[in-house]
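Take a look at the structure set out below.
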Amino acid sequence: MQTDSKTYSRLSIVQGDITTQTVDAIVNAANNSLLGGGGVDGAIHRAAGPGLLKECRTLGGCETGSAKITKGYNLPANYVIHTVGPVWQEGANNEDALLAKCYRSCFTLAGKHGIKSIAFPSISTGVYRFPVDRASRIALKEIYHELVTNIKLERVIVICFDNSTFDAYLSAEKELSSKK
Ligand code: AR6
């Protein structure tokens, strides 16, 4: 893929809490019901307040690999894009392609809503047990692809909650950027 320094300067990989990010949209790693859960999903619902669950109830759930959008309610972000990552099943169930599709689905919705800055958590690598080394490479490939092809997208932030996730994304970034 053809990337340059401008592409890299629009991507940040940081350690932190996605609920505090001041961006147009944050992404939620949700489940098929879209009715809340643990991990980042629980944190987003707690920070957004009950309006978020109320709107989620109207959405009719979400298929794995797809995404749906709501308002951000009490969050600093204007929107939440809810996507459903695959549960890791030893790679036997199309998990790589489904994870890549999550990122693409989020970018499609972001484009439709004029979103210029977006923060992602590490989708599927918590409760859903997707190996983070593998997931981080898939995530960054999709993010780079979007940054290269969509010049309207100003900023993408990957928010890593814990040290090992942060390390995995940094080494994936190093590996992928050395291939440019
Ligand atoms: N900010 C950023 N990342 C976070 C935060 C936070 N506040 N809290 C946790 N993470 P997970 P999954 C990280 O389990 O694997 C839910 O119950 C976490 O450390 O939240 O896609 C849903 O309802 C990990 O690195 O999502 C589903 O049932 C990453 O977010 C299921 O979990 C993803 O972990 C989805 O599982």
Picked from the range 98-115 (must be outside any helix (DSSP H, G or I) and in contact with a strand residue (DSSP E or B) (Cβ under 9 Å, 6 or more places away or on another chain)), the residue surrounded by the fewest Cβ atoms within 10 Å (Cβ to Cβ) is His113
Single match in Val158, Val148 (criterion: aliphatic (A, V, I, L, M) and surrounded by fewer than 21 Cβ atoms within 10 Å (Cβ to Cβ)) = Val148
For the range 100-154, enumerate the residues that are at positive phi and in contact with a Leu (Cβ under 7 Å, 6 or more places away or on another chain).
-> Ser124
Which condition number does Ser177 fail, the rest of (1) farther than 18 Å from Thr83 by Cα; (2) among the hydroxyl-bearing types (Ser, Thr, Tyr); (3) at pLDDT 95 or above being met?
-> (3)
With respect to the numbered conditions (1) out of contact with any Gly (no Cβ under 9 Å at 6 or more places or on another chain); (2) farther than 24 Å from Asn150 by Cβ, which one is the sole condition not fulfilled by Ser66?
-> (2)
Of everything in the range 145-165 that's of a type outside the set (Lys, Arg) and in a loop (DSSP other than H, G, I, E, B), which residue is nearest to the ligand (Cβ to nearest atom)?
-> Phe161
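The values are calculated or read from the model by the stated rules, or taken from the named source; none is laboratory data. Here the structure is a predicted model, which means the values were calculated and not measured. In this analysis, Cβ positions are derived from the backbone assuming ideal geometry, glycine residues included, and neighbour counts consider all displayed protein chains.
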